[in-house]
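Colleague: Sharing a structure here in C-alpha cells format.
The values are calculated or read from the model by the stated rules, or taken from the named source; none is laboratory data. What you are looking at is a predicted structure, and each value in this text was computed from that prediction instead of being measured. Every residue, glycine as well, gets a Cβ built from its backbone with ideal geometry; the counts of neighbours run over all protein chains shown.
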Amino acid sequence: MKKHIRHHWFRVLALSVAMCCYPIEALPVQAAETDMPVTYMTYEQNGCHLSPRLIQADGREVEMTVTEKKNIPGVYRASQIPSAYSLLDDAGNSYVTSVKDQGSTGLCWAYSALGACESNIMKKGLEIPDNWRDEKGELNFSEAALGWYVYTDHYQEGDFTSGDAIHMKDKGVTGGNASIAGFSLAAGIGAQLEKYAPFSDWDNGYSEYQRFVSYYRMQNSDMIWQISEDATSVIKEWMMESGAVSASYYSAGSYYDNGSSSAYYQNRYDADYADHAILLVGWDDNYSRDNFNPNQKPENDGAWLVRNSWGDDDAYEGYFWLSYEDPSICEYTRFDMAVANSSQLCYQYDGAAVYAGIGAKAAANIFTVERDGELTQVMFPNLSSNSDQLAYTISVYRLNKSAKNPEDGKLLMTTRGMLYYSGYKGVSVPAVPLKKNEKFSVVLELSATGSSSSRNVMLGMESNAGADTGIERVCSYQDGESYVTSDGKTWIDVNSLVKMPGVNYTYPYADLGNVALKAIINSEEEPTNWTQMNEALALGAPDENSNQLFVDAYAEAISLPEDAPQQIVNNTAKNLLAGLERDGRISYPQSLYANYGSLRGDLNDNGRPDVNDAFNVLVACSARALGLIGKLRPAEVRAADVDLDSKITMNDAYRILLYNNMLSIGNDPDWDSVLNYVGDFS
C-alpha cells in the first residue's frame, strides 16, 4: 500500500448569520423592539475543509439540501450515461491537468476548485494561448492567488469590494472550501497564472496590482451538498458536460493498495467530518467492491476516479478510487468558465465570502454606469440552505437622478426562470442598453417551488464576524448601495437596516453588509489602450538582481503584438507593475488607473474642474478618515489625483479649488502653475 500522507490542523467553529425579516413598515430606524427569527450557518473546520451546518435560533439543525434525480433537466438520459468514463481519456483527449502537490499547506480546496476550472476550460475548448501554458504545456492556475486575496484586506478607492475579506491564521493555507472559491472567482479573483503568482512567493506576499488579474472569468457554479444514492447520474452528467468536479470527503481512513489501484472507503464518518478536497475525474460502475479493504468493503460495486493533491508519488501516480457509498463525500461543485474580456465589466460590492442570508421578499443593488454598454448577465449566490430548485425574478430599472429606492425610475426589463442547485449563479438576461453615468438598479426575488414552497428562501449577503466565531470576516458598505424589502413595496437601505433593534434591545441585523448581487455589462470594444503598459515599461528593464516576476512579466510585455487584446495587455501590465513594486521602483497604487483618460480634476465629467469636483474629493477623504471607502469610480480616482502622488488627499481638493478660482478671475491656468502656486488672488 502506498504511503498515505496525513495532514493535521486545528479545529475551529465559525458562525454565520442568516436572517428573516418582517414587514419593513414595522421596522423604522428608531423602531421599538422587534421580534425577528434568526438562523445561523455554522462552519466546523476539519483539516483544510470548512464544513457547513445550518442551525435555527432555537438550536435545531436544518438538513442541508440533498439532491435527488427529480425534475432537474439533464443533457443526457440515463441510457446515454456509460458505465465507465474518464476525463483522462475521452475519445483520446485528456481534460485533466497534472497532479499537483499541496505539500504541508491546507490549500487542497484551491487545488480542487482550480483543477475543476482548468478541466472545464479544456472540455469547452476555450482558447489557451501557448504563452499561458506552463513547462508541461498545460494551463496552470495559481492556488496561492486564490488562497491569498480573498483572505487579505484591501482598501483602494475606486474598488467597491474594498474592505471585504476573511481573516484566518495563515490565510488560505489554513483551509477553505468550494463555496469560498466560488465567491472569489465570481469577484474576479483566482484565475491568475501560476508563473505570475507561484506558491514559492507566499512568504513575500502578493501585490495588490495583481488582485484582479484574471485570464478567464467564472460565469456560474453549481454545488450540491450531498446526493442521494440514486443520483450519481447528476454528477456523471456534470463531468460529461462540463469537466471535472470538485468534492470533499473524510480522508483520515485507510487507503487500500489492491495491486492495480488504490481504493478508499469508510462508513464511520459522514459529511460533517469531511476534511479534504479532491477532484472527481471519472467513474466506473463496475469497479469491484472486492478492490477495497477486505475488512471494510462497500455493499456494492462502483467508485469515482479521484485526482488528489498530494503529489504524483501518492497512491497510484496521484489517483485513487473512492466508493460511491462513502458517506462523507460532499460539496460536489462544478465551475463554468469563459475567457476574460476587458469589454465586459462586473459591477459588484461583494468581494469575499457570503456567509449570511436574509429572508426578504427581494433585494437590490444600485450602480452607476462607467461606460456605455448592455447589461447581459446578473450573478448572485443561491445559498446551500435553500432548496435545489428555486424560481427567480430579475428586474432592471433606470433610476431617476433623485431616486430614493431601487424602483424609483423606469422599469427596463423583467425576466423569470428557474435555478437548479446552489452555488454562485450567473443568469443571462435580455440585453438592457445603459449609458455612461446613468444610475441603474438590479432587483432580485427568489421563491421556492413545489414540495419546498413552504421553505424559507434566503438572499445572500455579506456579513461581519469577530475572531471568536472561528472565521473572522469583515465587509464594507455605504448608503445608497444595497436595499431589501419584505413586502415588495417599501425598501430599506442596508445602511439603515443594520441599525434596527430587535427584542431585548439586540440588533440582529448589525453584522450584515452588502447584498451579493452583480451586474455584468458588455461594452463595445475600443482600440487597445497602452497607457498603463507604457508607464510600466518607462520605469526600465529588469537587471541581474531583479525578481523573477519582473523578469517574466517584462519578457511578455515586450513581446505583445500591437493588436493584443485589451485584457491581455491589462493582465501583463499589472503583473509587470507588481514586479516593479517588488523591485522597489514604484509603490502601489501608482499607475493603477492609468488607462482611464479622465480630464485632470474633472470628476463629474462636465469639461472643467469645479467646486463640485473639489467637494467630491473632500467627501472621499472624509470617508477614508472614518475607515470607509469613498464612492469614487476608477475614472474619478484618476481625475481626482491632480498632484499625481497616487493618493486622494485634501491637497487635491485644495488644488482643484485653486484651479477653479484662477478660471473665475479670467486666468487660463495649467496644472504646473496650480500645483506650484503660493499666494492670494488679490
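Colleague: Quick check: anything in region 168-181 in contact (Cβ under 8 Å) with a residue 24 or more places away in the chain, within 23 Å of ARG624 (Cβ to Cβ), among the charged types (D, E, K, R) and touching a helix residue (DSSP H, G or I) at 6+ places or on another chain (Cβ under 7 Å)?
Modeller: Within region 168-181 (the criterion being in contact (Cβ under 8 Å) with a residue 24 or more places away in the chain, within 23 Å of ARG624 (Cβ to Cβ), among the charged types (D, E, K, R) and touching a helix residue (DSSP H, G or I) at 6+ places or on another chain (Cβ under 7 Å)), the answer is no, since none of the residues qualifies.
Colleague: Based on what the data block shows, is ASN400 outside the structural domain of LEU185 (by TED's automatic domain parsing), surrounded by fewer than 19 Cβ atoms within 10 Å (Cβ to Cβ) and at positive phi?
Modeller: Here the answer is no, as ASN400 does not meet what is asked.
Colleague: Here are ARG608, ARG624: which of them is more than 29 Å from GLN567 (Cβ to Cβ), under 35 Å from the mean Cα position of the chain (by Cα) and among the basic types (Lys, Arg)?
Modeller: It is ARG624.
Colleague: In the list TYR397, TYR421, TYR392, which residue meets the criterion of being in contact with a strand residue (DSSP E or B) (Cβ under 7 Å, 6 or more places away or on another chain) and more than 30 Å from GLY125 (Cβ to Cβ)? Working first, answer last.
Modeller: Values: TYR421 fails: more than 30 Å from GLY125 (Cβ to Cβ); TYR392 fails: more than 30 Å from GLY125 (Cβ to Cβ).
After ruling out the rest, the residue left standing is TYR397.
Colleague: Now for a different question. Which members of region 532-569 meet the condition of being free of Cβ contacts under 8 Å to residues at least 40 places away in the same chain, part of a loop (DSSP other than H, G, I, E, B) and touching a helix residue (DSSP H, G or I) at 6+ places or on another chain (Cβ under 9 Å)?
Modeller: ALA541, SER546, ASN547, LEU560, ALA564
Colleague: A further question follows. Please go through region 663-672 and pick out each residue that is modelled with pLDDT under 90 and in a helix (DSSP H, G or I).
Modeller: LEU663, SER664, listed by residue number.
Colleague: Just one of (1) of a type in the set (D, E, K, R); (2) crowded, with 18+ Cβ neighbours inside 10 Å; (3) touching a Pro at 6+ places or on another chain (Cβ under 9 Å) trips up ASP493, so point out which.
Modeller: (3)
Colleague: What is the number of the single condition among (1) in a strand (DSSP E or B); (2) surrounded by fewer than 20 Cβ atoms within 10 Å (Cβ to Cβ); (3) more than 21 Å from the chain's Cα centre (by Cα); (4) of a type outside the set (S, T, N, Q) that ALA338 does not meet?
Modeller: Unmet for ALA338, out of (1) in a strand (DSSP E or B); (2) surrounded by fewer than 20 Cβ atoms within 10 Å (Cβ to Cβ); (3) more than 21 Å from the chain's Cα centre (by Cα); (4) of a type outside the set (S, T, N, Q): (3).
Colleague: Is it fair to say SER184 is small (Gly, Ala, Ser) and modelled with pLDDT under 95? Can you show your working first?
Modeller: Working: small (Gly, Ala, Ser): yes; modelled with pLDDT under 95: no.
No, not satisfied.
Colleague: What strands (runs of 3 or more DSSP E) lie completely within region 380-453 and have 3 or more residues being within 23 Å of VAL354 (Cα to Cα) and hydrophobic (A, V, I, L, M, F, W, C)?
Modeller: Because the criterion is at least 3 residues that are within 23 Å of VAL354 (Cα to Cα) and hydrophobic (A, V, I, L, M, F, W, C), the strands (runs of 3 or more DSSP E) in region 380-453 that meet it are 389-399, 439-448.
Colleague: Which one of these is outside any loop (DSSP other than H, G, I, E, B) and surrounded by fewer than 15 Cβ atoms within 10 Å (Cβ to Cβ): VAL619, VAL637? Spell out the reasoning first.
Modeller: Numbers: VAL637 fails: surrounded by fewer than 15 Cβ atoms within 10 Å (Cβ to Cβ).
The unique qualifying residue is VAL619.
Colleague: I would also like to ask the following. Look through region 86-114, keep the residues that are among the aliphatic types (A, V, I, L, M) and within 22 Å of the chain's Cα centre (by Cα), and return whichever of them is farthest from MET218 (Cα to Cα).
Modeller: Among those residues, the one meeting the criterion is LEU107.
Colleague: I've got another one for you. May I ask you to verify whether LYS401 is free of Cβ contacts under 8 Å to residues at least 60 places away in the same chain and among the basic types (Lys, Arg)?
Modeller: yes
Colleague: Also, I was wondering about something else. Which one of the conditions (1) surrounded by fewer than 20 Cβ atoms within 10 Å (Cβ to Cβ); (2) within 22 Å of GLN226 (Cα to Cα); (3) in contact (Cβ under 8 Å) with a residue 40 or more places away in the chain does MET418 fail to meet, given that it meets all the rest?
Modeller: Against the list (1) surrounded by fewer than 20 Cβ atoms within 10 Å (Cβ to Cβ); (2) within 22 Å of GLN226 (Cα to Cα); (3) in contact (Cβ under 8 Å) with a residue 40 or more places away in the chain, MET418 comes up short only on (3).
Colleague: Are any residues in region 200-237 more than 18 Å from the chain's Cα centre (by Cα), of a type outside the set (D, E, K, R), crowded, with 20+ Cβ neighbours inside 10 Å and part of a helix (DSSP H, G or I), and if so, which ones?
Modeller: The answer is VAL234, ILE235.
Colleague: Identify, by number, the condition in (1) within 31 Å of the chain's Cα centre (by Cα); (2) surrounded by fewer than 16 Cβ atoms within 10 Å (Cβ to Cβ) that VAL678 doesn't meet.
Modeller: For VAL678, the exception is condition (1).
Colleague: Would you point out which residue out of SER179, SER260 is under 20 Å from PHE320 (Cβ atoms) and either within 13 Å of the chain's Cα centre (by Cα) or assigned to a loop (DSSP other than H, G, I, E, B) (or both)? Outline the logic, then answer.
Modeller: Working: SER179 fails: under 20 Å from PHE320 (Cβ atoms).
SER260 is the lone residue from the list that is under 20 Å from PHE320 (Cβ atoms) and either within 13 Å of the chain's Cα centre (by Cα) or assigned to a loop (DSSP other than H, G, I, E, B) (or both).
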